[in-house]
Amino acid sequence: MDILNMSALELSKNIQSGVISVKEAVDAYLNVIEEKDKEINAFITIDKEYLYKRVEEVQVGIDSGKFESKLAGVPIAVKDNICTKGIRTTCASKMLENFGPTYDSFVVEKLNEAGLVIIGKTNMDEFAFGSTTEYSAFGATKNPVNIECVPGGSSGGSVAAVAAGMVPLALGSDTGGSIRQPASHCGVVGLKPSYGSVSRYGLVAFASSLDQIGPIGKDVNDVIALYNIIQGYDVKDSTSVSLDEMRQCNMSNEENTVDICGKFKIDIKGNVDNIELAEKDEVKSANEILVGKKIGIPEEYFNEGIDEAVKEKVLNAAEELKKAGAVVEYFSLKFAEYVVPTYYIIASGEASSNLERFDGVKYGFRCEEYSSLDEMYRLSRTKGFGEEVKRRILLGTFVLSEGYYDEYYLKALKVRRLIKEEFDEAFEKYDMILSPVAPTIAPKMGSSLDDTLKMYMSDVYTVAANLCGLPAISVPCGESDNMPIGVQFIGKAFDDYKLMNMAVAYEKIREEGE
């Protein structure tokens, strides 16, 4: 059987039926990693001794009936800013090069409970500060579609691993588009869930009010299945939201169940373990999903700065949705021009505060020669952090400093509220918002390093979802110069399943058109 061409759901089904062993699945993907990763550089750490102990444990668990999730036995990659007990977590930084967490993050606990196999930790922009995965102490990751191009970032290692066929699934983190943008550049599916729907416990913080862990896969159904596993309330995360709270927001009905994508039944009185996958022949047609749905397109997103090829493919996607029964309209986001500066002021301020803990004392890199405590702090941080990390710490420290806090950081928080209110107003009229993911196809390696501002502006279409805590997903919609282009769907807070429903519909339209 062709393990590498199976979806994650198909692979798990074959593993659980005994047709394929867990070891056979892991070995197949390890062979691809051995073949491709010297060139792509998607992985930082693969501990084979740890891995094969886990393989044996999962196989025993599947045979005994302990692991029965829809992804049991499936290999998965995890971004290297998500804590894994027994596997080092570096954040792609010299500062944490040898850091071994003493605990698992919440999402890793969920993966382990569901019987998935973590095959390794993936490369990223250092501390998730970047949009190209070139800012890594372990070298840049390359785009598997064209190795002369970047994969995007900061979750470029996780996305490249999926796009190159090194793993069927991966986890990334998304602070301003770090899952969706590389997913668009590499031609895979990437979801940024609603803020609070997936616990951040064990995620090394970049910007705490913006960070969100999310799934990456080859298709929407695999992403849905992985999201079902990692979502859920976590008492250890004060921003985590329970299903009861989600129900009060958007999921309440008389029957106490919600039909998801024609594939899932979720008992909204229970928890995520009550989500079950139905057979494929129960999936609704795209027309059934889309008829009557209203999709809004921000007209400001198609003015200056977007490549014509990207604009064409995204608007073609909108036209295909319209033909399948959706109502598509343009509307104005008058605060669109303020989204990027607002994001970078808030993100840099929170980053400066979060990275204060890396001082060379408790853990992490410490310089060997120093004459005073102050000098140890200064030299450890100077040598332990890369250039982009230091740039953002300096910017964040500036906007939080006395005399500038009110002028910059506090003002950015006020504008953030206005942006959120504008999206709330839009969702009173529209079920979903459609937009580009990035203004261009994946740039050439090195081209963004000389123009930091240009790199920051590549997040123009993605950061709003993080500022407002909204779910958003990138789905492939075409190509230009043989490089992938993604379309983004943005949903109302905690409408994650409605969002994925839309993505399923669009994916079906694409499949039927091929």
Inset, instruction - Give me the Kirkwood hydrodynamic radius of the chain, using the inverse of the mean 1/r over all pairs of distinct Cα atoms, in Å to one decimal. - result: 22.9 Å
Inset, instruction - Answer rounded, prolate or oblate for region 427-514, using the Cα gyration tensor with square roots of eigenvalues a ≥ b ≥ c: rounded when a/c is under 1.5, else prolate when a/b is larger than b/c, else oblate. - result: oblate
Legend entry - Antiparallel DSSP beta bridges within the chain, as percent of all bridges there, nearest 5: 70 percent
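What is region 35-190's relative contact order, in percent, from Cα pairs under 8 angstrom and six or more apart in sequence?
Values: 364 pairs, mean separation 38.4, N = 156.
Reported relative contact order: 25 percent.
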Legend entry - Centroid-to-centroid separation of region 151-209 and region 316-376 [C-alpha atoms, Å]: 13 Å
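Please label the shape of region 412-478 as rounded, prolate or oblate, based on the square roots a ≥ b ≥ c of the eigenvalues of the alpha-carbon gyration tensor (a/c under 1.5 means rounded; beyond that, a/b larger than b/c means prolate, else oblate). Mind showing how you got there, number by number?
Numbers: a/c = 3.58, a/b = 1.54, b/c = 2.32.
In terms of gyration-tensor shape, oblate.
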Legend entry - Leading residue at positive end of dipole, the chain (Cβ point charges), from Pro476, Asn228, Gly486: Asn228
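Roughly speaking, what is the stretch gain from Glu308 to Asp2, that is 0.36 nm per residue apart minus the C-alpha to C-alpha distance, in nm to one decimal? Walk me through the numbers before you get to the answer.
Values: separation 306, 0.36 × 306 = 110.16 nm, distance 3.84 nm.
Length gained, Glu308 through Asp2: 106.3 nm.
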Inset, instruction - Could you work out how far apart the two model spin labels at Lys390 and Asp451 are, taking each label as a point 7 Å from the Cα in the direction of the beta carbon, and quote it in nm? - result: 2.5 nm
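Over the chain, what is the relative contact order in percent, taking alpha-carbon pairs closer than 8 angstrom and at least six residues apart? Display every interim value, and only then the final one.
Working: 1160 pairs, mean separation 83.7, N = 514.
Dividing the mean separation by the residue count of the chain yields 16 percent.
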Inset, instruction - With +1 on each Lys and Arg Cβ and -1 on each Asp and Glu Cβ, and nothing else charged, work out how big the dipole of region 3-281 is about its Cα centre, in Debye to the nearest 20. - result: 360 debye
Legend entry - Förster radius 35 Å - calculated FRET efficiency between Lys323 and Ser208, Cβ distance, rounded to 0.05: 0.25
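Can you tell me which of 8-20, 487-499 comes out highest on packing, and rank the rest after it, using the mean Cβ neighbours within 10 Å?
Values: 8-20: 19.3, 487-499: 25.3.
Going from most to least packed, we get 487-499, 8-20.
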Legend entry - For region 417-488 versus region 220-241, the gap between their alpha-carbon centres in whole angstrom: 22 Å
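Does region 351-491 come out rounded, prolate or oblate by the C-alpha gyration tensor, with a ≥ b ≥ c the root eigenvalues, rounded set by a/c under 1.5 and, if not, prolate when a/b is larger than b/c and oblate if not?
Numbers: a/c = 2.80, a/b = 1.60, b/c = 1.75.
Cα axes put region 351-491 in the oblate bin.
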Inset, instruction - Taking the Cβ of Leu379 as the centre, find all other residues whose Cβ is under 15 Å away and add up their charges (Lys, Arg: +1; Asp, Glu: -1). - result: +1
Legend entry - Relative contact order (percent, whole number), region 3-281, Cα cutoff 8 Å, 6+ residue spacing: 16 percent
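Could you give me D for region 3-281, from Stokes-Einstein at 37 °C and 0.692 mPa s, where the hydrodynamic radius is the Kirkwood radius over C-alpha pairs? Units µm² s⁻¹, please. All intermediate terms of the calculation are to be shown ahead of the outcome.
Numbers: Rh = 18.6 Å.
Reported coefficient: 177 µm²/s.
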Legend entry - Pairwise centroid distance, computed over Cα atoms, of region 91-125 with region 1-30, Å: 23 Å
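For region 1-146, what does the convex hull of the Cα positions come to per residue, in cubic angstrom?
Enclosed volume per residue, from the Cα hull, is 113 Å³.
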Inset, instruction - Amide H neighbours of Val74 under 5 Å, at least 5 residues apart or on other chains, H built in the peptide plane: list them. - result: Val117
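Given N residues in region 1-53, what is Rg(Cα) / (2.2 N^0.38 Å)? Working shown, then result.
Numbers: Rg = 12.3 Å, N = 53, 2.2 N^0.38 = 9.9 Å.
Taking N as the residue count of region 1-53, the ratio is 1.24.
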Inset, instruction - Taking the Cβ of each residue in Cys477, Cys149 as the centre, tally the other Cβ atoms inside 10 Å and list the residues starting with the fewest. - result: Cys149, Cys477
Inset, instruction - Can you quote the Å³ per residue value for the convex hull of the Cα atoms in region 103-221, rounded to an integer? - result: 102 Å³
Inset, instruction - Nearest 5 is fine: what % of DSSP beta bridges in region 3-281 come out antiparallel, could you say? - result: 70 percent
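Beta carbons within 10 angstrom, averaged per residue: use that to sort the peptides 403-412, 316-325, 31-40, highest first. Provide the component values of the computation, followed by the final result.
On the way: 403-412: 13.8, 316-325: 17.8, 31-40: 15.7.
The most tightly packed comes first, giving 316-325, 31-40, 403-412.
Using the count of nearby Cβ atoms within 10 Å as a rough guide to exposure, how do Met1, Met502 rank from fewest to most? Please list the in-between numbers first.
Numbers: Met1 12, Met502 28.
Least to most surrounded, the residues fall as Met1, Met502.
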Inset, instruction - Give the order of Tyr201, Tyr506 when sorted by the count of other beta carbons within 10 angstrom, beginning with the fewest. - result: Tyr201, Tyr506
Legend entry - Restraint check, Lys94/Lys414; Lys13/Lys110; Lys311/Lys411, Cα-Cα greater than 30 Å: Lys94/Lys414; Lys311/Lys411
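Here, each number is a calculation from the coordinates, and none is a lab measurement. Please read these numbers as outputs of a predicted model, since none were measured by experiment. Virtual Cβ from ideal backbone geometry, glycine too; neighbours counted across all protein chains shown.
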